[in-house]
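A quick write-up on the structure given underneath.
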């Protein structure tokens, strides 16, 4: 799509049945629970006593969640799967299946569909999950992606946002603000390009933050590490809308407050570099940037030494008894109120 | 939306969290499997040994699948649930849960969301299913609805399109072509209105076909009747894209052909009246109209007398051994080839 549609094949050449057939060709087969995948009225999945099904849905809409001008379609396919898998990880569930809904506008070509589906297949194989069905329709304007993901937990072992206890440690995987830093870099280049299409952007020094924005990975690995260390989080969510929103979600659901230590926030050097270039506060990126798809969770105090041994997890604060307290402490020990601010597609800064 | 948005509340007044909260208020609680519904990263559903989960997804897009000019939002909410439940019925599954994705354009108001959700809640209670989660996002242009529905079957008892045997009877529930007849009436009134907004349409004599178009019911009742009569269909699908497409789906999946008797096609008097008014062939409506959400299925010959006792099911033909034969017989006994033709949103008559 990026280079215009000359020499590309319009979708209507395939027809509806042809499009469905094309999508079926990107099926993966990774899960023993899949009895029947695509092709009938519905998919059929095996159940087991003592298991629970975890179901989540995430929508991505062109012009709201992504811009095809700088978002390659194979990365977008990968990302659409990752963001859903991340929600399952945030419940402590093992990802297993996705159902894919696509709304395709008239400009969409067969080549574009193939590129997108290549990314979906790559992600399915990466996460060892199956694409088991879906629906594909024409739209008048917007390209949109609607994925429902299913995963499994042992009965009673799903990790909810509501399970945190007072004084427990608040931890986060990886680093924060990188995906938003990547977005800011892409957005700057887009504006430069619109003003002067002859300028070739050199984004190579920002490769890390661009990858975090364009092709995020769900943190299946963190969950494995926690299991091996014998640490069971008491509450958990994925950081899709920014750290501050995650803190408020766990705090409110658990009837507690949150206090975090700003100096402890894990921020990647590449993110610091973007903040410096744009003269922005790196803490702002980390707190409110969103799309990091890291895991935010609480653990009992006694797990402190065990969690310190896990690479790529940082203790950033603790749960306050007072549910009104959402505070941040800076290096001088001074407290500030935490703002519940993040990305919101409904035209309102909240 | 029909009367303009004066005195209506724009959605951004609620903000994203407020919209999610509003949708949560329309939750229903009908199923024992629902352990955790809306509000966390994902829903959690109980599994059972010997059961299978059946999953389907249907997308509806404004301007492609519905026109808000003549489609009241509460009916649209109901219909969006019905079309998904119908896919589960077409697998022989008991409908249980839905996950709701909404893409809301800037023109959408709080009142419009409430009206839509009222229809969703009504359908959930009608089908005794739970709304367990979803995602709601802003779009730039199109209003779209993405529903994933989950249901349950006893292990191995899902009814696929591929199970038909040669010489088996092909049966359909209810009557065919009514939903398309309703669409044609609405479309005619829309064009009259656009030419002369002062003409008040009188659609009262077309109430039956309008209801079939605007507020279709999934045929949960037929499945109950088949169970009571001890009839187990060997193959099944719902007639969402027209009878002819359904015949081709069952035929191809089963490696067989289909022969139907035109005179046997069940057509409602109200549909015949529309065909007469529009000087259209009523068989065309029945064969290719789509959106009837009736159930098309095959049964062994020996179930013939039992099926004759079920009201609202008609034997319309039988399965041919030759997979190339898709034929229709008229009252004179003459055979015609069946056209695989139906509604297709990708700008191609197929």
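Figures for the structure shown
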quantity	calculated
Looking only at segment B:1-12, and only at residues there that are surrounded by fewer than 17 Cβ atoms within 10 Å (Cβ to Cβ) and in contact with a helix residue (DSSP H, G or I) (Cβ under 7 Å, 6 or more places away or on another chain), the one that is farthest from the other protein chains (Cβ to nearest Cβ)	B:8
Residues of segment B:15-61 that turn out to be touching a helix residue (DSSP H, G or I) at 6+ places or on another chain (Cβ under 9 Å) and in a loop (DSSP other than H, G, I, E, B), as a count	11
Which numbered condition residue B:40 fails, given (1) within 11 Å of chain A (Cβ to nearest Cβ); (2) in contact (Cβ under 8 Å) with a residue 12 or more places away in the chain; (3) buried (at least 20 other Cβ atoms within 10 Å of the Cβ)	(2)
Only listed residue being in contact (Cβ under 8 Å) with a residue 60 or more places away in the chain and either surrounded by fewer than 18 Cβ atoms within 10 Å (Cβ to Cβ) or in contact with a strand residue (DSSP E or B) (Cβ under 7 Å, 6 or more places away or on another chain) (or both), chosen from B:271, B:298	B:298
Per-region count, segment A:112-140, residues modelled with pLDDT under 95 and surrounded by fewer than 19 Cβ atoms within 10 Å (Cβ to Cβ)	1
Unmet requirement for residue A:67, which otherwise passes all of (1) modelled with pLDDT of 95 or more; (2) more than 10 Å from every other protein chain (Cβ to nearest Cβ)	(1)
Residue check for residue B:258: out of contact with any strand residue (DSSP E or B) (no Cβ under 8 Å at 6 or more places or on another chain) and either surrounded by 24 or more Cβ atoms within 10 Å (Cβ to Cβ) or at pLDDT 95 or above (or both)	no
Segment B:105-121, residues that are over 19 Å from residue B:37 (Cβ atoms), within 12 Å of chain A (Cβ to nearest Cβ) and part of a helix (DSSP H, G or I)	B:110
Within segment A:246-255, considering residues that are within 21 Å of residue A:83 (Cβ to Cβ) and more than 14 Å from the chain's Cα centre (by Cα), the one surrounded by the fewest Cβ atoms within 10 Å (Cβ to Cβ)	A:253
Selection count, segment A:139-175, where residues are in a loop (DSSP other than H, G, I, E, B) and either within 14 Å of chain B (Cβ to nearest Cβ) or more than 22 Å from residue A:259 (Cα to Cα) (or both)	12
Residue A:80 within 23 Å of the chain's Cα centre (by Cα), in a helix (DSSP H, G or I) and more than 22 Å from residue A:157 (Cα to Cα)	yes
Residue, nearest to the other protein chains (Cβ to nearest Cβ), within segment A:83-104, restricted to residues that are over 23 Å from residue A:213 (Cβ atoms) and part of a loop (DSSP other than H, G, I, E, B)	A:91
Residue check, residue A:178 within 30 Å of residue A:257 (Cβ to Cβ) and either crowded, with 23+ Cβ neighbours inside 10 Å or facing chain B (nearest Cβ under 10 Å) (or both)	yes
So residue B:61, is it closer than 26 Å to residue A:38 by Cα, at pLDDT 95 or above and within 10 Å of chain A (Cβ to nearest Cβ)	yes
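The values are calculated or read from the model by the stated rules, or taken from the named source; none is laboratory data. The structure displayed is predicted, hence computed values, not measured ones. With ideal geometry, Cβ positions are generated from the backbone for all residues, glycine too; neighbour counts draw on all protein chains shown.
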